[in-house]
Amino acid sequence: MAQTLQTSSAPGDARITGAIPAGAASAGLLDGILDGLWHGLTSMRFAIALTLIAAALSFVGALVMQAPAGVLADANAKAAWIAQVRPKYGAFTDVFDALQVFNIFNSLWFRLVGGLLVASITACTAHRTPAVWRTATKPTVDVGEAFFEHAPQHEAMVVHRSADEALAAVRTVLGKRRFRTLVHNDGTMHLYADRNRWGPFGSLVGHLAFVVILAGAMIGGALGFQNPDFTIAEGSTLTVPSATGLSIRLDAFRDSYDPATGMPLDYASQVVLFEDGTEVARHTIRVNDPLRYDGISFFQSFFGPAVILSATADGGSPLFSGGVPLAWSADDSDRAIGTLDLPGTGKVAWVAGTSGGNDTVVRPGQLLVEIYQADGAGTLVERKTIDQGVATTVGGVTFTFQREEKFTGLAISRDPGAPLIWLGSLLLFGGFVLVLMFPHRRLWGRIAPRPDGGATLLVGSIGRKDTTAGIEFTELVNDLRAVLHAPART
Amino acid sequence: MFKMSEYTFVAAALCLGLASLIYLAYAVSGLRAGMLRTAGGPGGASSTVTFASGPYTSELGRYGTIIGWLAMVTLTVSLIFRTIATGHGPFANMYEFSIAFAWGILVAYYWFERRYSQRILAVVAMPVALGLMLYAVTIPSTIEPLVPALQNNLLLTIHVAVAIVAYGSFTVGFGAALLYLVQPEQGRWGLPKPKILEEIGYRAIVVGFPFLTLTVILGAVWAEVAWGKYWSWDPKETASLLTWLIYATYLHARVVRGWRAKRAAWLLMLGFAATLFTYFGNLYFGGLHSYAGLAQ
Ligand code: HEM
């Protein structure tokens with residue numbers, strides 16, 4: 001751990017910052033800038049500042065209402081949305097808007113901080129890797145005698161055994177604690193033992209995982225698609241947008257409620273999926289049970305009423321026959337409304353169901369039909385309430401309102417970045433668990449033979465100077481004593 | 001089963017209240033002794049490592065621990081009964097979640113008490129747990145069927161259970177930071193030495209941070225399965241990300257000169273504030289998590 005590296009005097013831990021020659025004499029301006037940049041990006045203070053700023057932006061994002069996706073791109077929708085939140089934010093509304101506070105997670109600020117985090121993490125990881133690698137694979141075994149006097153934890157004992165016997169005993173004790181031992185014998189035996197030497201790699205993995213996750217999010221944003229409000233009425237078959245050759249049929253939608261409390265229990269859409277006309281999947285989509293096919297997923301999202309109707313042109317040629325989801329609500333009433341194209345007529349139709357018993361214009365069993373010109377100006381051609389089962393001509397098109405059904409609202413998505421997200425999540429969790437829960441513990445020893453046939457054993461550790469490490473070290477020393485029958489020297 | 005869970009809940013709340021009082025008396029007794037000594041001898045800053053200096057201090061501490069354990073056990077039993085009665089883990093609404101949170105604090109606290117014998121932390125941890133229990137009392141405890149989005153027993157259970165461990169640990173970290181910040185560097189009033197508090201705070205985050213990471217990840221997995229989007233910047237998600245970032249900052253601060261001591265402790269305070277913000281956030285901001293069982 002860095003603290004250990006910085007404060008201990010254990011050799012072999014040469015900090016890489018110190019190992020870089022202090023700028024070749026001929027270093028030009030560019031080198032200076034690059035050096036400075038590298039220094040900044042690998043500085044922990046910079047990392048602290050970045051994560052704190054990211055936290056502050058998130059705080060703002062949690063407190064201030066965020067505009068729904070797509071609203072800010074559409075000038076009209078944006079104006080409407082801003083007007084809606086103005087009473088809440090008063091004079092700050094325009095300031096917030098100018099500073100992209102209403103869309104903070106897509107704001108320049110957030111992207112900037114995210115980009116800097118990625119750069120900094122990448123630099124930091126590159127910077128740390130060699131040292132971490134060296135510590136794990138090429139530890140210094142022979143540390144010199146002075147180390148055993150200055151190490152945060154150290155102990156000395158005299159044993160009435162030969163040096164070889166002492167070594168064997170030490171190895172056994174360490175082996176039981178899952179330490180591996182390396183020995184270098186030059187008359188004096190130099191000992192290095194460690195446990196969890198791969199722990200610190202968890203840190204590198206965990207940090208890089210963050211980059212992997214952001215990459216996944218960017219890939220998903222750039223190459224994936226989200227259709228959060230795909231509506232389809234019972235009995236209808238529609239092509240799936242942004243997916244070539246796929247179409248989906250809704251056979252039935254069922255919503256059920258708890259009879260006692262009226263709380264919703266289940267929403268279920270029975271669908272059949274076709275690819276180029278042949279059935280490829282059949283599934284009942286529920287809230288926690290999406291349909292997945294070939295990278296595309298269908299989720300249960302919402303539902304509502306639909307009407308089954310047919311429309312025929314003047315000459316009797318059919319224009320439409322099927323279900324129309326009434327998925328919108330009118331601005332000026334509680335009626336649910338839906339729309340259908342009337343191909344070849346240059347017109348579109350809007351239909352509205354009754355809003356209930358109090359509705360005097362559209363009664364239960366009736367449908368309000370409005371025909372508009374499909375020319376951008378959208379002039380109303382004719383407006384008429386029609387009765388169920390009675391063919392009625394509105395704006396030159398004959399409508400027959402057959403019956404009411406339901407529609408389901410599905411969220412459809414394809415996210416090619418998702419595998420990276422899940423891979424990154426796994427690495428993030430695994431990496432940080434590894435480094436935090438399996439800290440690298442290191443220990444040095446020295447066994448010198450004595451003229452009397454016995455030996456002197458020195459042990460020292462540079463673990464974090466905390467209670468846990470202290471207790472572990474004391475227990476280890478006690479075990480060694482017990483095995484070696486050694487009284488303490490000091 | 002439901003009745004049993006209610007009775008044991010009340011028993012646990014009473015035990016917890018009693019334990020809080022005893023721990024408080026323990027603290028007062030120890031502090032008084034500590035202050036007397038500090039004021040008295042030339043020894044100035046006392047050198048006691050553990051906080052047990054008055055005539056009744058250690059006795060009180062022992063009773064506090066016994067009653068506190070009793071609270072933990074009865075609460076465990078209560079949660080088990082409730083699980084049997086509802087057929088899902090006790091994590092589905094604010095009522096259940098508050099009790100589970102209190103339980104998490106007790107478990108985390110006693111783990112640390114066993115390991116570090118610093119009972120004084122209870123003065124912070126117990127009242128927080130008690131507060132959550134009392135808060136739970138204000139919420140109807142009736143069992144209602146799960147709304148469709150919550151009907152994923154496995155993910156619901158793991159996601160929240162993991163969150164509970166994280167939150168419990170963060171509460172202990174908060175207690176350590178608080179006691180750290182009320183003393184000068186060389187210690188005061190016979191409170192645990194700043195160094196040991198620093199270590200407890202760190203250990204708490206070493207456990208809590210990976211668990212929070214897992215909570216967020218499982219939340220994303222669930223969001224993907226239920227709503228089709230692993231991340232929607234829903235306020236609750238955002239708040240948990242904020243909490244996560246603060247604790248990550250803390251882990252960095254500990255190895256930077258100038259950030260190690262006081263500022264790191266302040267980050268723990270901030271992190272706990274963010275934890276509470278995440279937890280109670282539902283009440284304020286609604287969003288996708290807003291179905292969590294309060295009358296709407
Ligand atoms: C969102 C961004 C970040 C997160 C969530 C994060 C998380 C963590 C965590 C959990 C630790 C403690 C465990 C360990 O030792 O690995 C840690 C340590 C560390 N991080 Fe980060 N980090 C982030 C960004 C950065 C950046 C930008 C840098 C580079 C400046 C950095 C450099 C380090 C270093 C050097 C350590 C080791 C500290 C030690 O020795 O204890 N981190 N980070």
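When both the range A:373-398 and the range A:94-111 are represented by their alpha-carbon centers, they are found 44 Å apart. Is the range A:269-373 best put as rounded, prolate or oblate by its Cα gyration tensor, with a ≥ b ≥ c the root eigenvalues, rounded for a/c under 1.5, and otherwise prolate when a/b is larger than b/c, oblate when not? It comes out oblate by the Cα gyration axes. With the gyration tensor restricted to C-alpha atoms of the range A:417-456, the semi-axes of the equivalent ellipsoid amount to 50, 8, 5 Å, longest first. Per residue, the protein assembly as shown exposes an accessible area of 46 Å² to a 1.4 Å probe, with every protein chain left in place. For the residues of B:228-241, the average number of beta carbons from a partner chain within 10 Å of their own beta carbon is 6. With the largest listed first and rounded to whole Å, the semi-axes of the equivalent ellipsoid of the range A:320-389 from the Cα gyration tensor are 21, 13, 11. What the Cβ-Cβ distance of residue A:393 and residue A:373 gives, at R0 = 30 Å and to the nearest 0.05, is a FRET efficiency of 0.95.
When 1/r is averaged over all different Cα pairs and the result inverted, which Kirkwood radius in Å belongs to the protein assembly as shown? Taking every pair of different Cα atoms in the protein assembly as shown, averaging 1/r and inverting gives 31.2 Å.
Split chain A at each of the trypsin sites (Lys or Arg not before Pro) in a DSSP loop with at most 12 other beta carbon atoms within 10 Å, and the longest piece is A:179-488. Between helix A:108-137 and chain A there is an angle of about 30 degrees, using the helix long axis and the longest principal axis of the Cα atoms.
Between residue A:254 and residue A:292, the modelled label-to-label distance comes to 2.5 nm, taking each label 7 Å out from Cα in the direction of the beta carbon.
Less than 5 angstrom separates the built amide H of residue A:319 from those of A:311, A:312, A:313, all sequence-distant by 5 or more or on a different chain. Think of it as helices only: each DSSP H run of n ≥ 4 in chain A is worth -39500 (n - 2.57), and spread over all residues that comes to -11500 deg cm²/dmol at 222 nm.
Compared with the direct C-alpha span, the chain from residue A:39 to residue A:423 gains 135.2 nm at full extension, assuming 0.36 nm per residue. Both radii are taken from the alpha-carbon atoms of the range B:73-134; with Rh as the Kirkwood radius, Rg/Rh is 1.04. In the structure shown, the pairs B:195/B:262; A:347/A:384; A:406/B:229 are assessed against 22 Å; a Cα-Cα span above that value is assigned to A:406/B:229.
All Cα-Cα separations within the range A:204-275 were binned at 5 Å from zero, giving a P(r) of 3, 12, 13, 13, 12, 11, 11, 11, 8, 4, 1, each value a whole percent of the pairs.
With R₀ set to 51 Å, the beta-carbon distance separating residue A:382 from residue A:218 gives a calculated FRET efficiency near 0.55. Enclosing the Cα atoms of the range B:151-259 in their convex hull gives a volume equal to 106 cubic angstrom per residue.
A straight line joining the Cα centroids of the range A:323-368 and the range A:206-246 runs 30 Å. Peptide A:217-227 has a mean shielding of 1, counted as Cβ atoms of other protein chains within 10 Å of each residue's Cβ. List the residues of the range A:95-110 whose backbone N lies under 15 Å from a point placed 7 Å from the Cα of residue A:73 along the Cα-to-Cβ direction. Output list for this probe position: A:106-107.
The simple spin-label model puts a point 7 Å past each Cα toward its Cβ; for residue A:30 and residue A:138 those points are separated by 3.1 nm.
In this calculation the C-beta distance from residue A:284 to residue A:361 is compared with R0 = 41 Å, giving a FRET efficiency of 0.65.
Averaged over the residues of peptide A:101-109, the number of Cβ atoms from other protein chains lying within 10 Å of each residue's Cβ is 1.
With the convex hull constructed from alpha-carbon coordinates only, the range A:358-490 shows a mean projected area of 21.9 nm² over all directions. In the distance distribution for the range A:155-243, Cα-Cα pairs more than 22 Å apart total 63 percent.
Per atom type, chain A shows carbon and sulfur on 59% of its accessible surface, probed at 1.4 Å. Centre-to-centre separation between the Cα atoms of the range A:413-487 and those of the range A:155-198: 15 Å.
The values are calculated or read from the model by the stated rules, or taken from the named source; none is laboratory data. All values reported here derive from a predicted model rather than from experimental measurement. We place every Cβ from the backbone using ideal geometry, glycine too, and count neighbours over all the protein chains shown. For the accessible areas, the whole protein counts, side chains as well, though only heavy atoms, and no ligand, DNA or RNA atoms are used. Shrake-Rupley method; radii C 1.70, N 1.55, O 1.52, S 1.80 Å.
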